[in-house]
Amino acid sequence: MTIAIFVGSLLLAMALGVPIAFSLLLCGAALMWHLGMFDAQILAQNVIEGANSFPLLAVPFFMLAGEVMNAGGLSRRIVNFAMALVGHVKGGLGYVTIVAAVIMAALSGSAVADAAALTALLLPMMVAAGHDRARSAGLIASAGIIAPIIPPSIGFVIFGVTANVSVSKLFMAGIVPGIWLALALWVTWWWLVRKEKVTPPPRQSRSEVFKAFREATWALVLPFIIVFGLKFGIFTPTEAAVVAAVYAIFVSLVVYRELSFRQLVPLFIAAATTCAVVMFLVAAAMVSAWLITVANLPAQLVDLLRPLMDNPKLLMVAIMVITMIVGTALDMTPTILLLTPVLMPVVKAAGIDPVYFGVLFIINNAIGLVTPPVGTVLNAVAGVGKVSMDDVTKGVMPFMIAQFVIMFLMVAFPQLVMVPARWFY
């Protein structure tokens with residue numbers, strides 16, 4: 001009955017068009033009423049405590065870093081460097097998209113920001129070169145979702161805080177899986193364009209490649225600073241976010257000189273606006289998370305999944321399927337906040353490594369960003385690229401399927417995640 005009230009009240013509020021954050025609050029209020037402990041003061045206290053977290057400070061700083069990188073010329077120089085490396089091969093603009101997405105993922109951690117930047121920079125070039133518009137938009141959307149997996153990742157920060165798992169370990173464990181997803185896109189794009197009659201741009205000379213590398217050096221250094229600092233304990237993930245933001249501002253203002261102090265103000269406002277939405281979601285979800293614990297919902301779920309407890313791989317498949325279904329209706333942040341308190345006790349009871357689970361859980365949620373009908377990244381690509389949602393959805397399908405295949409391979413073979421993860425941390 002408790003599970004029915006929790007799910008029913010949430011779905012009813014969403015069906016009535018109530019914003020997700022307020023739906024979570026209404027769901028929490030319904031649970032409190034069912035448990036006979038409704039108290040508006042407790043509700044308010046949990047909302048305040050939900051956002052009162054030092055690790056969550058990483059979220060606004062990573063968002064600010066992403067805004068500054070896109071406006072300050074870092075993203076454009078990364079695309080130019082990728083173009084100099086692989087732009088000349090057949091289907092080269094698609095490979096440029098994948099390489100640029102991996103590098104940009106190591107800078108911002110925001111799928112929407114990366115996908116929007118890649119769409120603005122590369123989609124017109126891909127269409128002009130003769131590539132199918134829908135397929136190109138689908139590739140850019142799928143490449144954009146690598147951002148929440150390769151560190152720094154806003155998704156890992158939110159999951160780590162909610163699940164009480166080391167954010168640093170999650171960051172380190174996400175590096176190689178992000179590269180696996182990029183390789184899946186690479187192979188899929190190669191297969192799709194092998195029969196296309198598109199003339200690639202001419203190969204750039206060594207001096208042009210070196211010039212593009214030199215111009216992008218300041219942007220390329222940042223991922224190494226973050227990974228090095230986290231691996232050797234020089235700073236925490238929250239401090240890494242501050243380093244990323246300050247570094248991006250310094251490079252944009254002093255080195256590239258594409259931003260002025262006056263232009264920083266709108267970027268600060270944009271980052272604050274986006275962050276406010278995320279943090280309110282986190283705060284509202286903490287009410288539901290607390291009530292989930294009080295109502296002992298995890299124990300009820302453990303009982304339901306007990307037949308799978310002796311087979312961790314089968315249990316992981318079931319959890320991934322549940323997450324896939326939820327991801328079609330909810331955005332990444334609310335999905336993390338809703339499912340993590342329920343699933344973590346199940347994962348721990350089955351003896352599954354929380355870091356391994358966290359990586360696959362975030363990968364699943366990231367793919368959910370390009371899963372219709374909600375698909376936040378799909379909407380961003382469609383809006384920026386002036387492509388219909390139907391076309392983007394059609395174009396993203398083969399790439400989304402390839403990424404799901406990689407995800408389930410990691411379920412079948414946990415070593416694909418944990419062996420490189422242990423080396424990194």
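All of the numbers you see were taken from the coordinates with simple rules; none came from a lab. These figures come from a predicted structure and were not determined experimentally. Here the Cβ is made from the backbone with ideal geometry for all residues, glycine too, and neighbour counts use every protein chain on show.
Could you count how many Lys pairs in region 39-424 have their Cα atoms under 23 Å apart, skipping same-chain pairs fewer than 8 positions apart?
Taking the Cα cut-off of 23 Å, the pair count is 11.
Need one number: nm distance between label points at Val294 and Glu208, each 7 Å from Cα along Cα→Cβ, rounded to one decimal.
Inter-label distance under the simple model: 6.5 nm.
Size of the dipole of the chain about the Cα centre, Lys and Arg at +1 and Asp and Glu at -1 on the beta carbon, nothing else charged, in debye to 20?
That gives the chain a dipole magnitude of about 1320 debye.
Note down the net charge around Leu56, summing +1 for each Lys or Arg and -1 for each Asp or Glu among other residues with Cβ under 15 Å from its Cβ.
Counting the neighbours of Leu56, the net charge comes to -2.
For Ala270 and Leu16, what does the FRET efficiency come to when R0 = 30 Å and r is the distance between their Cβ atoms, rounded to the nearest 0.05?
The calculated FRET efficiency here is 0.50.
For region 1-146, with only Lys/Arg (+1) and Asp/Glu (-1) charged at the beta-carbon, what is the dipole magnitude about the Cα centre, in debye rounded to 20?
That gives a dipole near 620 debye.
Show that you can apply the helix-only estimate: for the chain, add -39,500 (n - 2.57) for every DSSP H stretch of four or more residues, divide by all residues, and state [θ] at 222 nm to the nearest 500.
Using -39500 (n - 2.57) per qualifying helix, the result is -25000 deg cm²/dmol.
For the chain, find the longest principal axis of its Cα atoms and tell me its angle to the long axis of helix 312-327, 0 to 90°, nearest 10.
The answer is roughly 80 degrees.
Could you rank the peptides 77-84, 122-129, 340-347 by their average count of other C-beta atoms within 10 Å per residue, with the highest value first?
Highest to lowest by the protection proxy: 77-84, 340-347, 122-129.
For a label point 7 angstrom out from the Cα of Arg422 toward its Cβ, which stretches of region 177-193 have the backbone nitrogen within less than 18 Å?
177
Build a GNM of the chain with springs between Cα atoms under 10 Å: which of Ile362, Ile234, Ile336 gets the top mean-square fluctuation?
Greatest mean-square fluctuation among the candidates belongs to Ile234.
Could you state the number of Å between the C-alpha centres of region 47-104 and region 125-141?
So the separation of the two Cα centres works out to 19 Å.
Got a sec? Which residues in region 340-381 would a label at Met397 touch, if it sits 7 Å along Cα→Cβ and we count backbone N under 17 Å?
370-375, 378
Could you tell me the center-to-center distance, by alpha carbons, between region 375-425 and region 181-213 in angstrom?
20 Å
Mind jotting down the distance between the C-alpha centroids of region 164-180 and region 242-291, whole Å?
Between the Cα centre of region 242-291 and that of region 164-180, the gap is 22 Å.
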